[in-house]
Amino acid sequence: MSLLVVGLSHRSAPVSVLERAALTRETQARLVHDTLAAEPATEAAVLATCNRIELYADVDKFHAGVAELSTLLARHSGVGRDELTPYLYVHYEDRAVHHLFSVACGLDSMVVGEGQILGQIKDALALGQELHTAGRLLNDLFQQALRVGKRAHSETGIDKAGQSLVTFGLEQLAEGAAVTDWAAGKRALVIGAGSMSSLAAATLARAGVAHVAVANRTLERARRLARILTEPGAPGAPGFTASAVEMAGVDEELARADVVVSCTGATGLVLTVDAIRAALAGRKEAPGPCGTAPGPCAAAPGGTQARTDVRLALLDLAMPRDIDAAAHRLEGVRLVDIETLAEASADAPMAADVDQVRSIVSDEVAAFGAAQRAAHITPTVVALRTMAADVVAGEMARLNGRLPDLDDKQRAEITQTVRRVVDKLLHAPTVRVKELASTPGGAGYADALRELFDLDPQAVAAVSRADTRADRHTTARESA
């Protein structure tokens, strides 16, 4: 296995660098195509989220691979290589597998245990399959990562170690009050209609907001999300409503909103500080939380002191950011963004289940490595058995020439006997070599087998190509 990952995340780079290095889907496609065009790589996939960018590749040269992948990341992200390099991390072979499995389980997330990363890994795999840049290794790797992540969430309480980024962000906005108490009766604006925005809208509805307005560049997607939020069985409380607005109507909706969550793929600001200032200036203040004029209430439900001087709460989950960072200087505005969440999550408590998940990851990494090493020798074993079958067929043809008077029954019996002898001679060594090949350093057994039996390398390669085509057909069926 020659798996290499080069990347940067919230753990290695400041948000300002991550923000500049963010990749659009089109840029991701160009990145993996250019990676395949580079000499060291034969497969490529990119995992790009709001707080990580990672390029995975199957390479035949480690140092050349690191240099090439680093250069490509810098070129496509628009951040100079000299500036980007100090923030990059590199993982190779089993360490690369361990890293992705840890990411899939939420151990490397900004909020430990969050489950959104599984959907993002699935998207990365789907893009690699769509572009035909993910071959046998990366298909196996990403599919197994998804299974490991699901196993961690089903067998442990890792979910309790953290929440989704949306929930965590809302908790920061609530500043110590219960989110349900803080959100009750509020009017929310969600900008974007992708997976993260949809989660935000559902979370707000579940928390008790009175209305969610969804704004999106494609109005039909906004309408679809608004319909889903108000369907029977949806998370909203009785009386909850939702609506869709065009992006041109965001400023008007902003003037009525109490809380805004934005997560789009825009490359520029969606909400400028001037737009936010204008929205605040044009709004009519609603009664305070105690039913009086605007102003602080003595205490929030449950005895928690609540801040009521916040007129507009902003949660920016986009990378690069959607909301002007200068908005936090406006009176009556509270802004929480990815950078704020990174600082807050550093002090988040770790659950005991984290140790159990780490154990699962270690076991799964060992199993994946053994399976990959065993699979590496399978084409050689198949080629050996094919050669043995050809030898049997050749000898039987010679026997038929020497003993033409044999009847069909006799000839069939001799053929079966010879085949049994060959199978018995090959059984023990082929089973044993598969076992040995699954151990660390076992890749050399395939080379030894080819050398000992003088196997044609082209025959082995032909089996490998056939296996790869079969794997792709299986992957396509599983994805359908």
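The values are calculated or read from the model by the stated rules, or taken from the named source; none is laboratory data. Because the structure is a prediction, the values reported are computed rather than measured. Because the Cβ atoms are built from the backbone with ideal geometry, glycine has one as well, and the counts that use them run over all protein chains shown. Calculation scope for accessible area: heavy atoms of the full protein, side chains included, ligands and nucleic acids excluded. Shrake-Rupley method; radii C 1.70, N 1.55, O 1.52, S 1.80 Å.
Residue check: A367 meets all listed conditions (1) within 30 Å of Q143 (Cβ to Cβ); (2) of a type outside the set (S, T, Y); (3) in contact with a helix residue (DSSP H, G or I) (Cβ under 8 Å, 6 or more places away or on another chain) but one, namely (3). Looking at the stretch 25-66, which of the residues that are over 20 Å from Q120 (Cβ atoms) and assigned to a strand (DSSP E or B) is most open to solvent (accessible area, probe 1.4 Å)? The extreme case among them is T42.
Set side by side, the residues V90, V111 differ, and just one is modelled with pLDDT of 95 or more, touching a helix residue (DSSP H, G or I) at 6+ places or on another chain (Cβ under 6 Å) and of a type in the set (V, I, T), which is V90. Kindly establish whether D258 is out of contact with any Ser or Thr (no Cβ under 8 Å at 6 or more places or on another chain), acidic (D, E) and touching a residue at least 60 places away in the same chain (Cβ under 8 Å). Taking the combined requirement at face value, the residue satisfies it. In the set (1) in a loop (DSSP other than H, G, I, E, B); (2) at pLDDT below 85; (3) open to solvent by less than 20 Å² (accessible area, probe 1.4 Å), L341 fails one condition alone, (1). Within the stretch 112-126, the set of residues being open to solvent by 10 Å² or more (accessible area, probe 1.4 Å) and either touching a residue at least 12 places away in the same chain (Cβ under 8 Å) or in contact with a Gly (Cβ under 7 Å, 6 or more places away or on another chain) (or both) comprises V112, E114, G115, Q116, L118, G119, Q120, K122, L125, A126. Among the residues making up the stretch 428-472, those that are open to solvent by 40 Å² or more (accessible area, probe 1.4 Å), at pLDDT 70 or above and not in a helix (DSSP H, G or I) are F453, D454, D456.
Taking the criterion of being over 22 Å from R25 (Cβ atoms) and either touching a residue at least 60 places away in the same chain (Cβ under 8 Å) or β-branched (V, I, T) (or both), the residues of the stretch 90-105 that qualify are V90, H91, Y92, E93, D94, A96, V97, H98, H99, F101, S102, C105.
If you go through the stretch 141-180 and pick out every residue that is open to solvent by less than 60 Å² (accessible area, probe 1.4 Å) and part of a helix (DSSP H, G or I), you end up with 22.
When the stretch 306-337 is filtered for residues that are small (G, A, S) and open to solvent by less than 10 Å² (accessible area, probe 1.4 Å), the ones remaining, listed by number, are A313, A318, A327.
Contact map, the stretch 237-252: first residue on the phi < 0 side of the Ramachandran plot, second residue assigned to a helix (DSSP H, G or I) and surrounded by fewer than 16 Cβ atoms within 10 Å (Cβ to Cβ), Cβ cut-off under 6 Å, separation 6 or more or different chains; pairs are A242/T230.
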